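The values are calculated or read from the model by the stated rules, or taken from the named source; none is laboratory data. Model, not experiment: these values are computed from the prediction. Every residue, glycine among them, receives a Cβ derived from its backbone with ideal geometry; neighbour counts consider all protein chains shown. Note: areas computed on protein heavy atoms with side chains; ligands, DNA, RNA excluded. Shrake-Rupley method; radii C 1.70, N 1.55, O 1.52, S 1.80 Å.
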Amino acid sequence: MTSRALSRIARRIDFAAWRQPRALLWATAGVVTLGFLIGLEITARHYGLPGPIVNQAQEVVFAPKSGPLLYAGMALTMVVLTWRQRFIALGAAIGIDAVFLLVRWMVDAKPAFGNGALWVILGCAVIAITRRTGGERLLLLKGVGLGLLLVAGHKTGDTWLLITSKTRPMVLDQYVATADHALGNPSWLAGQVVEASGPVGSHVLHLVYSQLPLAAALVALYQLRKVAVERRFPEHHLVRTFLVIGLLGPAIYMIFPVVGPVFAYGDGAFDTGGGHWALANLWPDTPPPINPHAMPYDEITPRNCMPSLHTAWATTIFIHSRKGTRAVRYAGTFWLVATLSATLGFGYHYGADLIAGVVFALTIEAMMRSFNRGWDRSGILLVAYGTVVFAVLLVSYRYLSMEMAGHPWVFGPLLILALASVVYGYVQTTKSWEPQVAPARQPELQPQPELV
C-alpha cells in the first residue's frame with residue numbers, strides 16, 4: 001500500500017512538473033501572438049488601412065471577404081462538439097446569415113455570407129467562459145482558438161502583403177527570372193499550356209488556387225475527427241504547420257521581394273499584367289532576357305513570390321493527407337499538382353519559387369514535429385539541413401543567377417538535386433520517428449501424439 005501511494009504521488013508530481021512549463025509556453029505564445037497582431041495593426045494604420053484585428057472585428061457585422069473561410073473556421077471549432085451540438089451550431093450560423101442576407105437585400109447592398117459562422121465561433125467562446133469548467137472549458141476554448149486562428153492567419157497575411165508593397169519599392173524579379181533559365185523557364189511553358197486549355201482549365205485552377213485554406217480545413221477536419229470522442233486534440237496536426245508557414249513566410253518576402261512573372265514581365269494573354277510597371281510584355285510567349293537588375297515597382301502589388309507559400313501550404317496538405325483514406329490521399333495529391341500548375345500557369349511564380357517553397361514547407365514541418373516529439377539529433381540535423389539548403393537557394397538566385405542561366409545543364413540538375421535531398425532526408429527521418437509495430441508471433445507447432 002505504501003509503495004502504491006508513493007507511486008501515485010510521484011506521478012502527480014511528474015504531471016504537475018510537465019503541466020507548468022506547458023502552460024507557461026502557451027501563455028508566452030499567446031502574449032507573443034497578441035503583440036504581433038497589435039504591431040501589424042499599428043503598421044497598417046500607419047499606411048491608412050485597417051489591420052488584421054479591425055478587419056476581423058468588422059466581419060461581425062459587415063460583409064466578410066471570404067465566407068467559405070469563416071465556415072471552415074467554424075468547422076474546426078465544431079470538432080470539439082457533439083453531433084447534436086454541431087447541428088445546432090450549423091443551423092444557428094445559417095439562420096444568422098439568412099437574416100444578414102435579407103437585410104442586405106433590403107438596403108440594396110452586395111450579398112455576402114459568413115457572419116453567422118463568426119457569430120457561432122464567438123458564441124462558443126462565451127459559452128466556454130460562462131457555462132463550462134475545467135477540462136471541458138479548455139477543450140472548447142481550444143476549438144474556438146483553432147477556428148479564429150485559421151481566419152486570423154488569413155487576415156494577418158493580407159496585412160503582411162500590404163507592408164511588403166509599401167516598404168519594398170525595388171523587386172528582384174530579374175534575378176529570379178534569370179536563374180529560372182536553368183529550369184527551362186517553367187512559368188512561361190505552363191502559361192502557354194493554361195492558355196491553350198481554354199476557360200475550363202483556367203477556371204478549375206483558379207478555384208483550386210483561391211480555396212487553398214478550405215482544402216487545409218477539410219484535411220484538418222479529417223485529422224481532428226476523433227476529438228469530440230477522445231476529448232483531446234492530437235499532438236500534431238495540419239493547422240499548426242499551416243499557421244507557422246503563414247507567419248514566417250512573409251518575413252522572407254521582406255528579404256527577397258519578388259512580384260512574379262505576370263507582373264514583372266507583362267501579360268498579353270490574360271490581361272492581368274503589371275501595366276507600365278512591367279519590364280516588357282513578354283509573358284508567357286517570349287522568354288525573359290538575361291540581364292538581372294533590381295527594378296522599381298508600384299506600392300500596391302504584394303511582393304509575395306519568394307518562397308511560394310501556396311506551394312508550401314499545398315505540400316503540407318499533401319504530407320498530412322498521406323495517412324488518410326484513399327480518397328483523402330488522392331485529394332491531397334490533386335491539390336498539390338493543381339496548385340503547382342496554377343502558380344506557374346497563371347504567372348504568379350517562377351520555378352525557383354516553387355523549389356524554395358517545398359524546401360521551406362518540409363523544414364517547417366520537420367521543426368513542428370521535432371518540437372512536438374522532443375528535439376533529438378535526427379530532428380536537429382533535418383531542420384538545420386533544410387534551413388541551409390533554403391538559404392543557399394536564396395543566395396544563389398540573387399548572386400549566381402547569371403552563372404545559372406549560362407550553364408543550365410549544370411545548375412538545373414543541381415537545383416533538382418538540392419530539392420530531392422531535402423525530400424529524401426525528410427522521408428527517411430520521419431519514417432524513423434514512426435512507432436515500430438512488432439510482428440505478431442506465430443504460434444509454435446506442437447508435436448502431435450502418435451496413434452497407437
**Message:** I'd like to know if the stretch 339-352 contains one or more residues that are in a helix (DSSP H, G or I) and either open to solvent by 30 Å² or more (accessible area, probe 1.4 Å) or in contact with a strand residue (DSSP E or B) (Cβ under 9 Å, 6 or more places away or on another chain) (or both).
**Reply:** yes
**Request:** Scan the helices (runs of 4 or more DSSP H) fully inside the stretch 24-115 and keep the ones with 2 or more residues being on the phi < 0 side of the Ramachandran plot and open to solvent by 60 Å² or more (accessible area, probe 1.4 Å).
**Result:** 52-58, 83-106
**Request:** Go through P284, P302 for me and flag whichever is under 24 Å from G249 (Cβ atoms) and out of contact with any Lys or Arg (no Cβ under 7 Å at 6 or more places or on another chain).
**Result:** P302
**Prompt:** Which members of the stretch 167-187 meet the condition of being aliphatic (A, V, I, L, M) and either under 16 Å from G412 (Cβ atoms) or buried (at least 18 other Cβ atoms within 10 Å of the Cβ) (or both)?
**Reply:** V171, L172, V176, A177, A179, A182, L183
**Item:** Lone qualifier among G332, G379 - being part of a helix (DSSP H, G or I) and touching a Phe, Trp or Tyr at 6+ places or on another chain (Cβ under 6 Å)
**Value:** G332
**Members of the stretch 368-397 that are more than 22 Å from V244 (Cα to Cα) and crowded, with 17+ Cβ neighbours inside 10 Å** = S396, Y397
**Complete:** Filtering the stretch 188-224 down to residues that are surrounded by 18 or more Cβ atoms within 10 Å (Cβ to Cβ) and closer than 21 Å to V262 by Cα yields W188, A190, G191, V194, L205, V208, Y209, L212
**Asked** What residue, among those in the stretch 316-329 that are open to solvent by 10 Å² or more (accessible area, probe 1.4 Å) and in a helix (DSSP H, G or I), is farthest from E434 (Cα to Cα)?
**Response** A327
**Request:** State all residues of the stretch 117-173 that are of a type in the set (S, T, N, Q) and either in a loop (DSSP other than H, G, I, E, B) or touching a Leu at 6+ places or on another chain (Cβ under 7 Å) (or both); if no residue qualifies, say none.
**Result:** T133, T156, T159
**Prompt:** Given the residues T164, T159, T130, which is the only one that is modelled with pLDDT under 90 and either open to solvent by 40 Å² or more (accessible area, probe 1.4 Å) or over 30 Å from T286 (Cβ atoms) (or both)?
**Reply:** T159
